[in-house]
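The values are calculated or read from the model by the stated rules, or taken from the named source; none is laboratory data. Here the structure is a predicted model, which means the values were calculated and not measured. Using ideal geometry, Cβ is built from the backbone for each residue, glycine included, and neighbour counts are taken over all protein chains shown. Just so you know, the surface numbers come from the protein's heavy atoms only, side chains and all, with ligands and any DNA or RNA stripped out. Shrake-Rupley method; radii C 1.70, N 1.55, O 1.52, S 1.80 Å.
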Amino acid sequence: MSEAGGGRGFGYSVPQRAPWSLVAATAALCLVSATSVWTAGASPMSREEKQKLGNQVLEMFDHAYGNYMEHAYPADELMPLTCRGRVRGQEPSRGDVDDALGKFSLTLIDSLDTLVVLNKTKEFEDAVRKVLRDVNLDNDVVVSVFETNIRVLGGLLGGHSLAIMLKEKGEYMQWYNDELLQMAKQLGYKLLPAFNTTSGLPYPRINLKFGIRKPEARTGTETDTCTACAGTLILEFAALSRFTGATIFEEYARKALDFLWEKRQRSSNLVGVTINIHTGDWVRKDSGVGAGIDSYYEYLLKAYVLLGDDSFLERFNTHYDAIMRYISQPPLLLDVHIHKPMLNARTWMDALLAFFPGLQVLKGDIRPAIETHEMLYQVIKKHNFLPEAFTTDFRVHWAQHPLRPEFAESTYFLYKATGDPYYLEVGKTLIENLNKYARVPCGFAAMKDVRTGSHEDRMDSFFLAEMFKYLYLLFADKEDIIFDIEDYIFTTEAHLLPLWLSTTNQRISKKNTTSEYTELDDSNFDWTCPNTQILFPNDPLYAQSIREPLKNVVDKSCPRGIIRVREESFRSGAKPPLRARDFMATNPEHLEILKKMGVSLIHLKDGRVQLVQHAIQAASSIDAEDGLRFMQEMIELSSQQQKEQQLPPRAVQIVSHPFFGRVVLTAGPAQFGLDLSKHKETRGFVASSKPYNGCSELTNPEAVMGKIALIQRGQCMFAEKARNIQNAGAIGGIVIDDNEGSSSDTAPLFQMAGDGKDTDDITIPMLFLFSKEGSIILDAIREYEEVEVLLSDKAKDRDPEMENEEQPSSENDSQNQSAEQIASSSQEVDLVDQESPEESSLNSHPESLSPADTDNAASISPSEQNSNPTENHETTSLDGECTDLDNQLKEQSETEEDSNPNVSWGKKVQPIDSILADWNEDIEAFEMMDKDEL
Ligand code: DMJ
């Protein structure tokens, strides 16, 4: 593989190298030696077992690809729950996610080179013919430039790269005459109008038929784009230029990269998440290595590898130094502000950053790669998958998981780097979890919520482009692949581009900007490859020794201890600033600190307390700054608390034939009736109630008796429906939305409220399904008549036994269930105060905190006033070990800050106005950021 072991590839690239280039080149070489010297540590996996796992990957790929081809093609993607193609315009819009879909058979194109890697040469030949015959790149549809580049242009180029390789071998693809490359060129020209901006940064979207400017284009008014969106083009565009000799593509991509480099924040050397494509101003100034930025960094390093241009490595190293200085807080990678890089911008991480350990392997910085990977693996072990976002104390922040491949990617590169069989075991777990939790009869379904195990009707093309490639390569030996993977580099979508492109058609004039790079001291490379080269041969337990201390990082986490305690060391001798999470409205000392920070406390009539900050009233500019940070923390804390007060979603799992528990639907809970999080799940056959709206006494009690009644939403209160079906003898109820086409993919889930009266009489569990999810059950009834479901807070494991399980008599089961429910009818259910769901969603605590003009205001509810929101967690986890860790980290941080010449928090005195202006921007950006989806 090129990154980890691409000695040959580097040989082709650049004959003369700056000292930096040795780092990457050596990295590649030392990784090869690491792989071959492994002798101890985790027990090695036998060749047979590796082959078995490789075959399992092949079978899984067949299941995903076969179902796509049979049930979805030529649509862009497969909808694995409803077993049909996702055609844009025919399904409710999911917003930006749909911008990847251009009616160009996305999954087929994205899968092309995976077919060759997986040795499916015959299928590859068929797939290429289909692409040439069926795919139209001229549709009147607005697509994302970034996604179209990495998935479609990259897919076509990857397909072309392997087609010419196969043709040269002389057996397959003998008829091939660069047709995929011609399509790629056609697509490249279609994307070029996006670059028509003064900055050279591309518009984020383009109409494939009408471009940007034409009135029919329905795009071209955007002002912002993400950094990764503008900075992830060079590999595909340069490959296109070098394959075809048309230099324009590489020129445009280089120009965009040059512009981003110019715009980096000069004191931190970091970039923000979004940038104005006309002015070059940073729109979002938070900076991390995950969503919105990730592949910008990846492409700088890989552009150096593929194109042999030192300036890319120099830029990468400058950014990398900044990342390791500010964002890396091992094992965490936390977003910071580009202007105040010592200040964390979030208390959560997103799943996309899981690619970073793989990139660190390419860089040759193995230790932090091992640490972060291990932390991520612990999160996966807790939730089965990596949630889209998770907090620094490893709780779920965003619960979806769209089968992203980044963690598998890093696992593969770490295995190549260390040769440690531990990473094979990690891969085995990934395979098991995919089969156990995501596999459905018609493909693999994304996880809607990793906590409940519920599914989304979605199988993204990257699952085939990347996941299966990395998993297969992880277990493959050299002889299992029909070509030498080390002659290629992986794009961000895992498409393969040949390294020989570095010496082909080099006609682009390179910008000479070397003098602009930060001179990095040698310590930047202390922990890069040259060290590991020495380490591995001498210490095969190297990786294990780094992982060991992190083994319990998730289960026994001390949320505060794990984050580098930066603030406390800002002013030596001074008292640490008050943190929002520690604040108690009854503590006089805290009130005094608030006053110093210019924060006043207003007691609202409803018992809540509002915090307002007037920076001008602060005792000093530093206190004003502390106050603003306190307010920002309070905003984040409050929104987190609001999230936590919501009842988590529930799951409806179809357990009868042919689903056998594999299809899990996300359901909204009810604030009344049996609380499924406290009781055993309810299992039973379903029956529609009559009247279907359940608003009066049922006329078909015999049909719903002992069953789970299906009722339509609307016309009366949820509680009334529940009473009517309960009186008819139902053991549970599922309310199905009457709003046709609604789906949990597009609408926020909510909890069903009571009717304002006492609802203790309702003892059966009630769940809510949007219309699309509900129709999966209704369709199943039409097709199979008897449909049995499980109502629970978390899907029950779907192991193969379920398929053989004697289907329990619904009557017996329901009688037991009813008895249990009656016995528990007096149980107190701790519910949050909610508005009627007919009017509102889960956001029932509207005391959102937004800065008013130059003031900042935040409200906290009475229950929050005297209690530290993390208190429970901390009380339980503050054992000796954790306290030590806290101190240790604090000490470590103090030493770091002392020796860090860039840290001047104690000395810097900024005028209040400028601090305020700065902070208000940050707070706005923060609020925007929190609303954003990945
Ligand atoms: C892929 O499309 C690419 O890897 C991209 O760079 C970001 N991540 C998705 C999959 O998660």
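Putting +1 on Lys and Arg Cβ atoms and -1 on Asp and Glu Cβ atoms, find which of Val97, Leu81, Ile489 reaches farthest to the positive end of the dipole of segment 47-501.
The one lying farthest along the dipole's positive direction is Val97.
Magnitude of the Cβ-charge dipole of segment 67-211, K/R +1 and D/E -1, about the Cα centre, nearest 20 debye?
Working: 17 positive and 20 negative charges, 30 e Å.
The dipole magnitude comes to about 140 debye.
So what is the relative contact order for segment 650-792, in percent, with contacts set as C-alpha pairs under 8 Å and at least six apart?
Computed value for segment 650-792: 36 percent relative contact order.
What dipole magnitude, in Debye to the nearest 20, does segment 650-792 give about its Cα centre under +1 on Lys/Arg Cβ and -1 on Asp/Glu Cβ?
Taking the Cα centre of segment 650-792 as origin, the dipole is about 220 debye.
Using a simple spin-label model with points 7 Å from Cα along the Cα→Cβ vector, what separation in nm is obtained for Leu591 and His603?
My value for the distance between the label points is 0.9 nm.
What number comes out for accessible area per residue over segment 47-501 if the probe is 1.4 Å? Units Å², please.
25
How much accessible area does Phe259 have with a 1.4 Å probe, in Å² rounded to the nearest 10?
Accessible area, nearest 10 Å²: 40 Å².
Mind giving me the nanometre distance, one decimal, between the label points for Glu785 and Ser93, set 7 Å out from Cα along Cα→Cβ?
Simple spin-label model gives 4.4 nm for this pair.
Suppose we keep just the DSSP beta bridges with both residues in segment 650-792; what percent of those would be antiparallel, to 5?
Taking every DSSP beta bridge with both residues in segment 650-792, the antiparallel ones total about 50 percent.
Measuring from centroid to centroid over Cα atoms, what is the spacing of segment 318-397 and segment 242-290 in Å?
22
Using alpha carbons only, how many angstrom separate the centre of segment 88-148 from the centre of segment 759-799?
Value for the Cα centre distance between the two parts: 34 Å.
What FRET efficiency, computed as 1/(1 + (r/R0)^6) with R0 = 51 Å and r the Cβ-Cβ distance, is obtained for Ser545 and Asp178, rounded to the nearest 0.05?
That pair, Ser545 with Asp178, gives E of 0.50.
Work from the charge dipole of segment 650-792 (Cβ charges, +1 for Lys and Arg, -1 for Asp and Glu, about the Cα centre) and give the residue of Ala780, Leu676, Ile734 farthest towards its positive end.
Leu676
Estimate the FRET efficiency between Glu740 and Thr429 by the formula 1/(1 + (r/R0)^6), using the beta-carbon distance for r and 51 Å for R0, to the nearest 0.05. Let's see the in-between values first.
Working: r = 41 Å, r/R0 = 0.79.
Efficiency at R0 = 51 Å is approximately 0.80.
How much of the accessible area of segment 650-792, in percent, comes from carbon and sulfur atoms when a 1.4 Å probe is used?
Numbers: 2320 of 4910 Å².
Here it works out to 47 percent.
Considering only protein heavy atoms, with the full assembly of protein chains and a 1.4 angstrom probe, order Tyr472, Tyr73 by accessible area, largest first.
Tyr73, Tyr472
When a/c is below 1.5 the answer is rounded, else prolate if a/b is larger than b/c, else oblate, so apply that to segment 47-501 with a ≥ b ≥ c taken from the square roots of the Cα gyration tensor eigenvalues.
Rounded, because the longest to shortest axis ratio a/c is under 1.5.
Points 7 angstrom from Cα along the Cβ direction at Ala703 and Gln506: gap in nanometres?
About 7.6 nm, to one decimal.
How high is the FRET efficiency between Glu168 and Asp126 when r is their beta carbon distance and R₀ equals 25 Å, given to the nearest 0.05?
With R0 = 25 Å, the Cβ-Cβ based efficiency is 0.80.
Give me the accessible area per residue for segment 656-710, probe 1.4 Å, as a whole number in Å².
Computed with neighbouring chains in place, this is 35 Å² per residue.
Rounded, prolate or oblate: which fits segment 650-792, taking a ≥ b ≥ c as square roots of the Cα gyration tensor eigenvalues, rounded meaning a/c under 1.5, else prolate when a/b beats b/c?
rounded
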